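The values are calculated or read from the model by the stated rules, or taken from the named source; none is laboratory data. Quantities reported herein were computed from a predicted structural model and do not represent experimental measurements. Heads up, the Cβs are rebuilt from the backbone with ideal geometry, glycines too, and the neighbour counts pull from every protein chain shown. Keep in mind that these areas ignore ligands, DNA and RNA; they rest on the heavy atoms of the full protein, side chains included. Shrake-Rupley method; radii C 1.70, N 1.55, O 1.52, S 1.80 Å.
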Amino acid sequence: MSDTQPDDTFEDTSFVPHLDARQRAMLAEMGVRVWAPRAEAAVAGPAAEPAPVSAPVSAPAAVVPEPVAARAVPPVTTSRAPVAVAPSPAPVPAAAPAAVPVERLRPAGVAAMDWPALQAAVSGCEACGLCKTRRNTVFGVGDIGADWMIVGEAPGENEDLQGEPFVGAAGQLLDNMLRAVGRSRAGEGAKGAYIANVLKCRPPANRNPQPQEVAQCEPYLARQVALVKPKIIVAMGRFAVQSLLRTDEPIGRLRGRVHRYEGVPVIVTYHPAYLLRTPADKAKAWEDLCLAMETAGQ
Ligand code: URA
C-alpha cells in the first residue's frame with residue numbers, strides 16, 4: 001500500500017489471510033485497522049509525509065573511533081535468561097560548577113566486551129554530561145537471543161527511575177505492537193525481542209539528544225547489536241533512525257525499504273510516543289512491522 005493511500009481503503013482484519021484471530025485482536029488493541037496487504041506494500045518507495053517530530057537534526061557526529069568487531073566476536077552463550085537490568089547507583093551530585101566539564105572517555109574495549117562487562121561499563125559511564133543528571137542508566141531489556149531488536153531514542157522519566165526501556169505509556173504501545181507480531185519483551189527466541197535505546201541516560205527534561213551524546217553512547221548500542229545478532233532491527237523514531245543510519249533524512253522518506261546497520265537489516269518506523277499523539281499513523285507503523293516480518297523471513 002502506498003503511504004498516500006487514504007484511510008477509507010483499509011479493510012477489515014478478517015480479510016487478512018496470514019493473521020490469526022489472536023493477532024487480529026492484538027491489532028485491534030493497538031488501534032490499527034488492518035488492510036489487505038498488496039504485493040507492492042513491502043517495497044513501497046519513500047513516503048512523502050513529514051517527520052513525526054519537529055525539524056530534522058543534523059547527522060550525528062562521527063562516533064569515537066573505536067572499531068566495532070561486530071561479527072568477529074565469538075558467539076556469546078545464549079542462555080535464554082534475559083539480561084537483568086541492575087539500576088546503577090544514584091550519582092553523587094556533582095560538586096563542580098556546571099561550567100566545568102566532567103565528561104571522561106568511555107572505558108576502552110567496548111567493541112569486545114561480553115554482556116556483564118558491557119552492562120558494567122554502561123552503569124559506570126561518565127562519557128558525557130548526562131551522567132550528572134541520571135538516576136539510573138537504562139541498559140536494555142529482553143531476550144539476548146532474540147532475532148528482533150527494537151531501538152528507541154532515550155530513556156524518559158519513568159525509564160530513568162526504573163532502569164528499563166519503554167516502561168511508560170509509549171512502552172505499553174510498544175508492547176502491543178510487539179504482541180501484534182507475536183513477540184514480547186519477556187518472550188524468548190522467536191517469541192522475544194531485545195529492546196535498547198540509542199542513549200542509555202535520560203536527557204534532562206526529555207530534551208532532544210545532542211549529537212555529541214549520541215556519538216559517545218553509540219558504541220554501547222553497536223556492541224549490543226553485535227552480541228544479540230538480530231535478524232532485524234526496528235528503529236523507532238527520528239533519533240534512533242538518524243543515529244543508526246547516519247542521515248538527517250526524515251522518517252517519512254526512509255520508511256518502506258530495508259536499510260543496514262553493521263550489516264543487520266533495519267526497518268524504520270515511527271516512535272510509539274508519536275503514534276500516541278498521531279494514531280492515524282498506526283496503520284503505517286503496522287505496515288512497517290509487516291515489512292520487518294517479511295525481511296526477517298517470518
Ligand atoms: N522513548 C524511548 O525512545 N525510549 C524509552 O526507553 C522510552 C521512551
Of all residues in region 154-174, which are part of a loop (DSSP other than H, G, I, E, B) and touching a residue at least 12 places away in the same chain (Cβ under 8 Å)? Ala154, Pro155, Gly156, Gly163, Glu164, Pro165, Phe166, Gly168
Out of Arg202, Arg135, Arg185, sole residue that is more than 13 Å from the ligand (Cβ to nearest atom) and among the basic types (Lys, Arg): Arg135
Taking the criterion of being of a type outside the set (Val, Ile, Thr), modelled with pLDDT under 95 and under 16 Å from the mean Cα position of the chain (by Cα), would at least one residue in region 156-168 satisfy it? yes
When region 273-289 is examined, which residues are found to be in a helix (DSSP H, G or I), more than 19 Å from Ala154 (Cβ to Cβ) and not small (Gly, Ala, Ser)? Pro279, Asp281, Lys282, Lys284, Trp286, Glu287, Asp288, Leu289
Going by the conditions given, is Leu221 over 16 Å from Leu291 (Cβ atoms) and either charged (D, E, K, R) or away from the ligand (no atom under 16 Å from the Cβ) (or both)? no
Across region 227-255, what is the total count of residues that are surrounded by fewer than 23 Cβ atoms within 10 Å (Cβ to Cβ) and small (Gly, Ala, Ser)? 1
Selection over region 139-165 where residues are open to solvent by 10 Å² or more (accessible area, probe 1.4 Å), within 11 Å of the ligand (Cβ to nearest atom) and closer than 21 Å to Lys229 by Cα yields a count of 3
Quick check on my filter: what residues within region 167-213 are open to solvent by 10 Å² or more (accessible area, probe 1.4 Å) and β-branched (Val, Ile, Thr)? Val167, Val181
Condition test on Ile195, is it out of contact with any Pro (no Cβ under 7 Å at 6 or more places or on another chain) and within 16 Å of the ligand (Cβ to nearest atom)? no
Which one of these is under 17 Å from Ile195 (Cα atoms), among the β-branched types (Val, Ile, Thr), touching a helix residue (DSSP H, G or I) at 6+ places or on another chain (Cβ under 6 Å) and modelled with pLDDT of 95 or more: Val234, Val258? Val234
Gly124 is checked against (1) surrounded by fewer than 18 Cβ atoms within 10 Å (Cβ to Cβ); (2) within 13 Å of the ligand (Cβ to nearest atom) and fails just one. What number does that condition carry? (2)
Which is away from the ligand (no atom under 16 Å from the Cβ) and not polar (S, T, N, Q), of Pro265, Pro272? Pro265
